[in-house]
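Taking it in order: structure first as C-alpha cells, then the write-up.
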Amino acid sequence: MRIRRAVTVLVLTAVAATACGKEGSPPVKGPQPEQLPKYQVNAGFQLEDSPTWRKAERRGHFVVGAKEDQPYLGEKDPASGLYSGFDIEIARMVSASLGLDPAKIAFRTIASANRETALQNGQIDYYVGTYTINDNRKKLVGFAGPYFMAGQDLLVRTDEEDIKGPEDLAGKRVCSASGSTPYQRIQADYPKADLVAYDTYSICVDNLLTYQVDAVTTDNAILTGYAAKAPDELKVVGKPFSEEPYGIGVPRSDNALRFAIDDALLANEKNGNWKKAYDATLGLSGVPAPKPPPIDRYPAS
Ligand code: GLU
C-alpha cells in the first residue's frame, strides 16, 4: 500500500506540478511563470567568430540540450511539451543576451552520459543541465560559468535509519546516472557500495520508492527537488561530500561562444535576473538563493 501511494504521489506531482500534497503536507509548488524574469533580447548582437552562433542565427533560434525529469531544474511538461526550471531559465537568459528570442529555443532532452557526444556532433548548440565542470570533460567540451555550486548527497526513504552518509553505503544498493560524476565518485571512493546505474535519476527514484535500491546519489540540488515533491516518502541525508560547479557546455573549439556566454551570465547576475529566476524555480525546493560562484573564464587552448 505504502509503495503504491508513494509512486502515485510522484507520478501525480510530475503530471500536475501545482497539485496539492496529501492532507497535512505542505502544498507542492510548481514553477511560477508570473514570477519569472522577462529577458530582453539583445537586438543587433553579433558573434561572427562563433560558428555555433552563426548557424543558430541563420536558423533563427538556439537548440539547447537539457534534462526533463529534474524537479525545479529541468522539467518537461508531458502534456504541453514545455520545459521549465532553473537550468531552463539560465538557457533562456543566455539566448536573449546573445540576440536570439528565448521563447524560440528548441530544447532537446539529453541524458548525462550523452552530453559530450551531443555537443561534439553538433546536435545541440549549448547544454544547460546540472553539468559539472571538470578537467576530464574539458578535454571534450568547453564550459562557460560556473553559474551554480552544488554538492553530491544521498536521497533515501523516510523510513531509512542506517544510511546517514557515504560511509554507510557498504553492502547497500545505491543508484545513480550513467556517466555522471556522482556515479564515478561512489565507484572510486566507496567501492563496497553495491552500485547500479540508469540513464536518469527519476528511474533511480522510482527504484528507491519500490525498495529496489536503498539510496539514490547525485547533486543535492537535484535530490532536494525529488524530496520536496514527495516529503512523506523521501529525505536527503547528511552533508554534501563534493563540489559540483555547474557549467554551460559548448563545443570545445568555440571559444567565442564560451566567452560570450560567460559575459551573458555575468550581466544577468548583475541585473537581478539570475536571482529572480532562482527564486521562481529552484528556490521553491526550500533553499534560499546563494551567491552565484565566480565565473571561471579560463584561457582558450
Ligand atoms: N552534476 C553531476 C554531473 O554532471 C550530476 C548531475 C548530472 O548527472 O547531470 O555528472
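Every number here is computed from the coordinates shown, using simple stated rules; none is lab data. Here the structure is a predicted model, which means the values were calculated and not measured. All Cβ positions, even for glycine, are placed from backbone atoms using ideal geometry, and neighbour counts span all protein chains on display.
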Which loop chymotrypsin sites (Phe, Trp or Tyr not before Pro) in region 152-217, with loop taken from DSSP, have no more than 13 other Cβ atoms within 10 angstrom of their Cβ? Tyr211
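For region 137-264, state the semi-axes of the equivalent ellipsoid (square roots of 5 times the eigenvalues of the alpha-carbon gyration tensor), sorted largest first and rounded to whole angstrom.
So the equivalent ellipsoid measures 30, 15, 12 Å along its semi-axes.
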GNM of the chain, Cα pairs under 10 angstrom: of Ala66, Ala193, Ala227, the biggest fluctuation goes to Ala193
Can you list the lysines whose alpha carbon sits under 25 Å from that of Lys192, skipping same-chain ones fewer than 8 residues off? Lys164, Lys172, Lys235, Lys239
Rounded to the nearest 500, what is the 222 nm mean residue ellipticity of the chain from helices alone, with -39500 (n - 2.57) per DSSP H run of 4+ residues and division by all residues? -9500 deg cm²/dmol
Extension gain (nm, one decimal) between Ala79 and Lys239, 0.36 nm per residue minus Cα-Cα: 54.0 nm
Within region 224-260, list the residues whose amide N lies under 13 Å from a label point set 7 Å along Cα→Cβ of Thr158. 227-236
Note the angle between two axes, namely the Cα long axis of helix 255-270 and the longest principal axis of the Cα atoms of the chain, as a number of degrees from 0 to 90, rounded to the nearest 10. 70
Residue with peak Gaussian network fluctuation, the chain [Cα springs, cutoff 10 Å], from Ser176, Ser50, Ser285: Ser50
Starting from the Cα of Lys138, draw a straight line to each of the aspartates and glutamates and keep only those under 17 Å, dropping any in the same chain fewer than 8 residues away. Glu116, Asp125, Glu243, Glu244, Asp254, Asp262, Asp296
Ordered by fewest other Cβ atoms within 10 Å, a rough proxy for footprinting exposure, Arg54, Arg258 read Arg54, Arg258
Taking springs between alpha-carbon atoms closer than 10 angstrom, which of Thr132, Thr217, Thr117 fluctuates most in the Gaussian network model of the chain? Thr117
Calculate the all-directions average of the projected area of the chain's alpha-carbon convex hull, and give it in nm². 15.1
Each label sits 7 Å from Cα toward the beta-carbon; between Lys270 and Phe45 the label points are separated, in nm, by 1.4
